[in-house]
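Take a look at the structure set out below.
The values are calculated or read from the model by the stated rules, or taken from the named source; none is laboratory data. All values derive from a computational prediction rather than experimental measurement. Here the Cβ positions follow ideal geometry from the backbone for every residue, glycine too, while neighbour counts run over all protein chains shown.
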Amino acid sequence: MAFILGPKEKKNRAVGEYLQLKAERSLSQKSAMIRKPYRPGMHGKRRRMMSEYALQLAEKQKIRLTYGLSERRMKRYASDATRNKIISKTDCLVRGLESRLDNTVFRAGFAPSRSIARQLVSHGHILVNNKRVTISSYAMRRGDIITVSGQARKTKAFSESLETIKKHIPPAWIKTDPDALRAEVVGVPTLEQSGINFNIPLILEFYSR
């Protein structure tokens with residue numbers, strides 16, 4: 001499990017994109033990405049030419065930070081995608097990342113960010129097929145069902161966010177029952193459904209060096 005240390009909005013600015021590392025404020029007018037839409041630091045406003053390696057590195061950092069992964073874990077997903085011979089490398093990488101338990105909790109709308117979803121999992125508030133799972137990287141499969149523990153349902157955070165959860169529209173591979181705080185994996189994550197705007201081939205090229 002990896003925790004993104006340091007100011008999350010500064011990391012958005014560093015890569016030049018909104019990575020959903022935080023909840024609502026990242027979308028507000030107070031967001032650093034809106035107030036200062038350039039890289040942090042004294043020379044942040046300067047435009048710079050990027051080499052092929054720099055482009056690969058930037059894309060790798062974007063996707064790694066988005067999913068909150070350690071470098072070691074990200075490299076493992078990329079390696080699995082490269083070795084795969086059944087589906088495309090891009091599809092394999094997307095499936096691996098999107099099928100993570102913490103990401104599934106986030107996609108289902110039960111948490112406003114992946115970092116909060118990761119906390120819910122690590123604190124034992126998420127059940128998979130009625131069994132407590134505390135491993136954020138747990139790979140979800142078709143037919144798996146997520147529910148929120150009874151203890152977590154009683155917390156103020158869930159009671160206050162229930163209306164937001166009801167309004168959330170999950171991707172097609174997840175079917176949710178907001179009132180029951182229940183979500184079922186009914187399909188396979190795809191690149192189109194994920195909303196990932198990263199250059200996957202560049203990322204795989206970086207790890208193939």
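Of Ala157, Ala172, Ala81, Ala111, all but one fail to be within 24 Å of Leu19 (Cα to Cα) and assigned by TED's automatic domain parsing to the domain that holds Ala58; the exception is Ala81. One residue alone among Val133, Val128, Val148 is in the same structural domain as Ala111 (by TED's automatic domain parsing), surrounded by 13 or more Cβ atoms within 10 Å (Cβ to Cβ), closer than 23 Å to Arg72 by Cα and free of Cβ contacts under 8 Å to residues at least 40 places away in the same chain, and that residue is Val133.
Residue count for the range 163-192 under the criterion of being closer than 20 Å to Leu120 by Cα, aliphatic (A, V, I, L, M) and surrounded by 13 or more Cβ atoms within 10 Å (Cβ to Cβ): the result is 5. If only residues of the range 76-107 that are within 12 Å of the chain's Cα centre (by Cα) and among the aliphatic types (A, V, I, L, M) are counted, the one that is nearest to Ile174 (Cα to Cα) is Val105.
For the range 68-118, a residue qualifies if it is under 25 Å from Ile165 (Cβ atoms) and either loosely packed, with under 15 Cβ neighbours inside 10 Å or touching a His at 6+ places or on another chain (Cβ under 6 Å) (or both), and exactly one does: Gly109. Of the residues making up the range 152-209, those that are closer than 26 Å to Lys62 by Cα, β-branched (Val, Ile, Thr) and in a helix (DSSP H, G or I) are Ile200, Ile203.
So how many residues does the range 174-192 have that are touching a residue at least 60 places away in the same chain (Cβ under 8 Å) and of a type outside the set (Ser, Thr, Tyr)?
Residues meeting the conditions: 8.
Here Ser161 fulfils each of the conditions (1) at pLDDT 95 or above; (2) within 14 Å of Phe110 (Cα to Cα) apart from (1).
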